[in-house]
Amino acid sequence: MIDRTYLEPADLEQARSMLAGHEGLRIVAGGTDLVVAARSGKASLPERLMAIHRLKELAGIHPDHGGGLRIGALTTHGDLEISDTVRDSWSALSDASALVGSPATRRVGTVGGNVCNASPAMELGSPLLIFDAGVELASAGGFRTVPFASFVTGPGRISARPGDLMTAVVLPPLAGHGRVGSAYIRLEYRLAMEIAIVGAAALVRLDEADRCIDARVALTAVAPTCVRAMETEDVLRGKTIDDRLLDSAAHAAAVSARPIDDVRASADYRRAMVPVMVRRALTRAMDRARATRAS
């Protein structure tokens, strides 16, 4: 008979202590990915499980230093979807959260679970990249923050060390001159209970003359991890964006794509759809930027 262990810490300090004393613990919050993997036969249930749903320190969306945002690891997709702060200032995250699973899934699926599951098609991945997010980790030895861009290293792989617990995602301030807008768009076969075939997140900062001060673009489901489309960003920066430039910028994103064939789409189809999704994301981000007041 397999000896299974279930732990349920009451607070963060107890969780850190448990992680230090029990090797091989699998951390679970909403449990949506864990259950799906077990039912599909892709992964067996872990022998040691630590449930963190009681850790109040990991919940909520709070202002951070200098106008940034701290999103607790236990924050659900539903929380992000309806947060006025997220919808107004970090719109791409709200867009992405609203696309996750079903309303029932969004009520229990967490930010920490989505990030640590590290799927190339994760909805939050590209928005977190364009916002230069950091991932806060706790262990028995203390706390540290690593860039999200280096936290996810491949499909299902993260750079967390044994004994680490993700506690939050930290977004730096959007401070700076100009009007800022962001958006996330994905290509899907269905409107619900779907994952991205191709996704794109865009952030655009415009001056009063509609010249692009800054641009950030990231792609979903076309590489082993979500990736920045640097070539697209370089095309846009410092220029007044018109339809011709927008087309050039969108097509430049194909350089960053390394799609594969799978049961959901061919690599060629994904590659062809990258410029389409990038153009849509940029267009929506620019519309939102133009609707905001310059800082």
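If a spin label sat at a point 7 angstrom from the Cα of H251 along the line to its beta carbon, the backbone N atoms of region 275-295 nearer than 16 Å would be those of 275-280. Rounded to 0.05, the FRET efficiency of the R290 and S102 pair, given R0 = 25 Å and the Cβ-Cβ distance, is 0.15. Restricting the GluC sites (Glu not before Pro) of region 136-212 to loop positions (DSSP other than H, G, I, E, B) with no more than 14 neighbouring Cβ atoms within 10 Å leaves E208. Ligands, DNA and RNA left out, the accessible area of region 145-187 computed with a 1.4 Å probe is 60% carbon and sulfur.
FRET efficiency for the pair D132 and D207, taken as 1/(1 + (r/R0)^6) with r the Cβ-Cβ distance and R0 = 25 Å, rounds to 0.75. Close amide H contacts of G156 (hydrogens built in the peptide plane, cut-off under 5 Å, sequence separation of 5 or more or a different chain): S119.
Relative to the longest principal axis of the Cα atoms of the chain, the long axis of helix 267-290 makes an angle of roughly 70 degrees. Our summary gives the chain a relative contact order of 16 percent, counting only alpha carbon pairs under 8 angstrom and 6 or more residues apart.
Among the trypsin sites (Lys or Arg not before Pro) in region 1-52, those located in a DSSP loop and surrounded by at most 10 other Cβ atoms within 10 Å of their own Cβ are R4, K42.
Helix 12-21 versus the longest principal axis of the chain: what angle, 0 to 90°, nearest 10, using Cα atoms? The answer is roughly 60 degrees. Modelled spin labels at R157 and R54, positioned 7 Å past Cα toward Cβ, are 3.6 nm from each other.
Heavy-atom accessible area with a 1.4 Å probe sorts V28, V276, largest first, into V276, V28.
Among 153-164, 214-225, 52-63, sorting by the average number of other beta carbon atoms lying within 10 angstrom of each residue, highest first, gives 214-225, 52-63, 153-164. Remark: relative contact order (region 27-103) = 19 percent; criterion is Cα-Cα distance under 8 angstrom and separation of 6 or more residues. Note that region 222-227 has calculated 3J(HN,Hα) couplings of 10, 7, x, 9, 4, 9 Hz, one per residue in order, obtained from phi through the Karplus relation 6.51 cos²θ - 1.76 cosθ + 1.60 (θ = phi - 60°); glycine and proline are x. When R190, R288 are compared by accessible surface with a 1.4 Å probe, the order from highest to lowest is R190, R288.
Stretching the chain fully between T240 and R87 yields a gain of 52.5 nm (0.36 nm per residue, less the alpha carbon separation). For the chain, the longest principal axis of the alpha carbon atoms and the long axis of helix 243-252 meet at an angle near 40°. For the chain, a Gaussian network of Cα nodes joined below 10 Å ranks S248, S182, S40 by mean-square fluctuation, and the top entry is S40. Annotation note: chymotrypsin sites (Phe, Trp or Tyr not before Pro) in region 105-197 located in DSSP loop regions with a Cβ neighbour count of at most 13 within 10 Å are Y189.
The values are calculated or read from the model by the stated rules, or taken from the named source; none is laboratory data. Predicted model, so just to flag it, every value in this text is computed and none were measured. Every residue, glycine as well, gets a Cβ built from its backbone with ideal geometry; the counts of neighbours run over all protein chains shown. Ligands, DNA and RNA are stripped out before the accessible areas are found, and what is left, the full protein with its side chains, is counted by its heavy atoms. Shrake-Rupley method; radii C 1.70, N 1.55, O 1.52, S 1.80 Å.
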